[in-house]
1. Just to check your reading of the model, which residue among A:Ala217, A:Ala223 is among the small types (Gly, Ala, Ser) and in a helix (DSSP H, G or I)?
2. Output the number of residues of segment B:121-144 satisfying the condition of being in a helix (DSSP H, G or I) and more than 7 Å from chain A (Cβ to nearest Cβ).
3. Can you say whether B:Val242 is under 26 Å from B:Leu54 (Cβ atoms), touching a Ser or Thr at 6+ places or on another chain (Cβ under 8 Å), away from ligand 1 (no atom under 16 Å from the Cβ) and modelled with pLDDT of 95 or more, as far as the supplied structure shows?
4. Considering only residues that are more than 13 Å from ligand 1 (Cβ to nearest atom) and assigned to a loop (DSSP other than H, G, I, E, B), look in segment B:43-75 and name the one that is farthest from B:Lys236 (Cα to Cα).
5. Can you pull out the residues in segment B:105-127 that are closer than 30 Å to B:Arg152 by Cβ and either near ligand 1 (Cβ under 8 Å from one of its atoms) or of a type in the set (Gly, Ala, Ser) (or both)?
6. Are there any pairs, at least 6 apart or on different chains, whose C-beta atoms fall under 7 Å, with the first in segment B:76-104 and more than 10 Å from ligand 1 (Cβ to nearest atom) and the second among the polar types (S, T, N, Q) and assigned to a loop (DSSP other than H, G, I, E, B), and if so, which?
7. Look at segment B:232-259 and say how many of its residues are farther than 21 Å from A:Ala174 by Cα and in a loop (DSSP other than H, G, I, E, B).
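The values are calculated or read from the model by the stated rules, or taken from the named source; none is laboratory data. No experiment lies behind these values; they were computed from the predicted model shown. Every residue, glycine as well, gets a Cβ built from its backbone with ideal geometry; the counts of neighbours run over all protein chains shown.
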Amino acid sequence: MYVIRREWLVKRVLLVTAMVVVLGLALVVYFMVKESIPAFKQAGPANLFSSEWAPGEGRYGMLIFLVGTLATTAGGLILGTPLALGLALFLTQVAPRRSRALFSRGVETLAGIPSIVLGWLGFTILVPWIRELSGSSGSGILAASIVLAVMVIPTITAISRDALEAVPSTYAQASLAMGATRWQTIRRVQLPAAKHGILAAIILGMGRAIGETMAVAMVIGPASVFPTSLTSPTHTLTTKILMEMGESTGVQRSSLFAMGLVLLMLAMALIALMRRVSGGRSATPEVVE
Amino acid sequence: MARIFAVLGSLRGDRLLVEAPEKGITRHRFPARRDERFDAPGEGIKFHIRDLSLFYGKRKVLENITIDIPERRITAVIGPSGCGKSSFLRCLNRMNDLVEGCRVEGEVLLDGEEIYGRDGDVTSLRRRVGMVFQKPNPFPKTVYENVAFGPRVLGIKDRGVLDGIVENSLRRAALWEEVKDKLREPALALSGGQQQRLCIARVLAVEPEVILLDEPCSALDPVATQRIEDLLAELKEKYTIVIVTHNMQQAARVSDYTAFFLIEKQGDPGRLVEFGETGALFTAPADERTERYITGRFG
Ligand SMILES: Nc1ncnc2c1ncn2[C@@H]1O[C@H](COP(=O)(O)OP(=O)(O)O)[C@@H](O)[C@H]1O
Ligand SMILES: [Mg+2]
């Protein structure tokens with residue numbers, strides 16, 4: 001009797017928990033949509049997605065910031081992915097077995113560095129350095145991309161490492177036994193077999209880069225203009241919201257919600273993409289007997 | 001069965017080699033001085049193996065294996081589980097190099113050349129000595145890409161050449177008729193027996209001289225097993241074949257020569273008890289331990 005009761009209770013508690021989570025998500029979306037409506041109604045979509053941000057003149061365009069978000073994210077991934085993949089390959093193929101755990105722990109520690117610390121290092125070291133080298137202000141998409149790269153590397157490394165480790169060793173054995181070299185085996189067998197996991201890792205890294213605010217805000221400029229180069233100040237969706245949130249009212253405030261909504265949709269699209277990618281063929285298909 | 005015994009009977013007699021390891025032969029990893037007797041390999045001997053010992057770390061798992069593997073014949077390696085059959089096979093294409101802490105002593109000559117020599121090129125050795133594993137392990141690629149893998153690694157890019165190699169290899173592995181309409185389908189969708197023949201085709205595609213098979217039928221049903229055995233009989237016209245099997249009937253059915261390995265007591269390394277022509281070994285074993293094993297009173 002008692003056991004059955006408890007079982008029932010546990011089920012109920014889990015159900016309620018799940019519902020709270022779903023409800024929470026629904027509330028977030030509902031709230032974002034509701035608060036964005038004034039901007040869409042009074043300014044209109046054409047205005048909101050234009051490239052001019054001048055609230056004093058009734059211009060609430062977010063294109064500059066959207067481009068900033070996409071550019072810094074892409075930059076972070078372009079710089080970070082090759083390094084992360086190289087690191088994952090090093091951890092799974094090259095590092096002596098005994099030191100692998102140590103290196104892995106190192107990567108996980110890197111993932112735990114607060115973004116404000118990275119932003120601060122970017123602001124105090126990276127930006128002045130770029131300024132000196134390029135003769136520009138130093139802050140901008142390049143600096144933001146580098147900071148984001150450092151942030152996504154641990155994520156992409158850890159998940160790619162797991163995907164590579166999940167590739168059955170029998171594949172590598174077959175390849176090596178045919179006289180393929182270590183590198184040919186990695187390139188032609190192990191990377192293709194792990195590609196779904198690696199793609200998922202990149203998408204997860206992308207999610208992290210898109211949403212990052214503090215670290216980017218410290219090195220991006222800021223300025224509400226299209227960047228003229230990789231080293232000229234600009235803004236991203238997140239940094240723009242951060243800068244404006246305290247002192248905006250009315251339509252301007254609502255337009256910030258619209259930016260948040262766009263960001264939310266980008267993130268959801270990424271999650272859907274990841275589902276499709278990693279939900280496809282798994283990295284370790286069973287041998288069909 | 002009747003046929004097999006007829007064949008076995010007719011083959012009785014000439015024992016090939018049962019050589020006790022001689023005392024006083026110096027063993028070293030890279031032979032600085034090679035015993036004269038082995039300088040000129042005998043007619044039709046593919047592998048000359050002298051005093052081969054194998055260690056995993058401190059543990060010795062093979063001791064003083066001396067054996068000649070005849071060319072273009074099927075040599076079966078039998079023995080109870082754990083006696084080092086797989087380890088022995090992996091010595092012949094240096095797959096043991098991949099095991100951390102593994103060490104090999106003695107000589108392994110392929111066509112008279114030391115494969116563990118200082119300038120031994122492992123990749124070209126493995127191209128000459130292909131390997132088929134216990135569990136079919138095709139790559140998670142298409143049927144075509146599995147067979148084309150080896151040639152591609154060798155740098156062959158020409159589509160026509162690849163097509164030819166793929167078809168040829170699949171034909172030789174007796175798989176072409178079954179998969180010629182499925183070349184673009186995933187290899188993992190084939191049956192277990194087809195997958196194993198695909199693995200053989202994949203090895204054939206790089207034109208090896210020797211094929212090592214480690215219990216290739218242990219995951220297969222009797223029909224699929226039969227097909228592999230038939231295939232081996234065809235392949236021995238061109239290739240030297242060494243097959244590990246725990247199935248004595250299979251050894252008797254398919255092989256020309258049989259080597260019997262044994263661990264005598266717990267903790268001992270595996271040793272070669274008897275090596276000879278298969279018919280003789282199964283009908284009139286020279287060693288009492290062999291007899292006990294093949295009559296099933298052992299291991
Ligand atoms: N990679 C390895 N590392 C350490 N010991 C091993 C390894 N492979 C096999 N062994 C040991 O070597 C012995 C012989 O194994 P194996 O060659 O697989 O025998 P068999 O194929 O005859 O069953 C066994 O005791 C096994 O535990
Ligand atoms: Mg074995």
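1. Numbers: A:Ala223 fails: in a helix (DSSP H, G or I).
Matching residue, one of A:Ala217, A:Ala223: A:Ala217.
2. Within segment B:121-144, the subset in a helix (DSSP H, G or I) is B:122-128, B:143-144.
Among the residues that remain, those that are also more than 7 Å from chain A (Cβ to nearest Cβ) are: B:122, B:125, B:128, B:143-144.
Summing the residues that are in a helix (DSSP H, G or I) and more than 7 Å from chain A (Cβ to nearest Cβ) in segment B:121-144 gives 5.
3. On the way: under 26 Å from B:Leu54 (Cβ atoms): yes; touching a Ser or Thr at 6+ places or on another chain (Cβ under 8 Å): yes; away from ligand 1 (no atom under 16 Å from the Cβ): no; modelled with pLDDT of 95 or more: yes.
Criteria not met by B:Val242.
4. This residue is B:Glu43.
5. B:Gly117, B:Gly120, B:Ser124
6. B:Ala76/B:Thr245; B:Ala76/B:Ser255
7. The first filter runs over segment B:232-259 and keeps only residues farther than 21 Å from A:Ala174 by Cα, leaving B:233-234, B:236-238, B:246-259.
Narrowing the set further to residues that are in a loop (DSSP other than H, G, I, E, B) leaves B:236-238, B:246-247, B:255-256.
Final tally of qualifying residues: 7.
Here's the yes/no breakdown for (1) in contact with a Ser or Thr (Cβ under 7 Å, 6 or more places away or on another chain); (2) among the basic types (Lys, Arg); (3) more than 14 Å from ligand 1 (Cβ to nearest atom):
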| site | (1), (2), (3) |
| --- | --- |
| B:Val223 | no, no, yes |
| B:Asp256 | yes, no, yes |
| B:Ala259 | yes, no, no |
| B:Thr283 | no, no, yes |
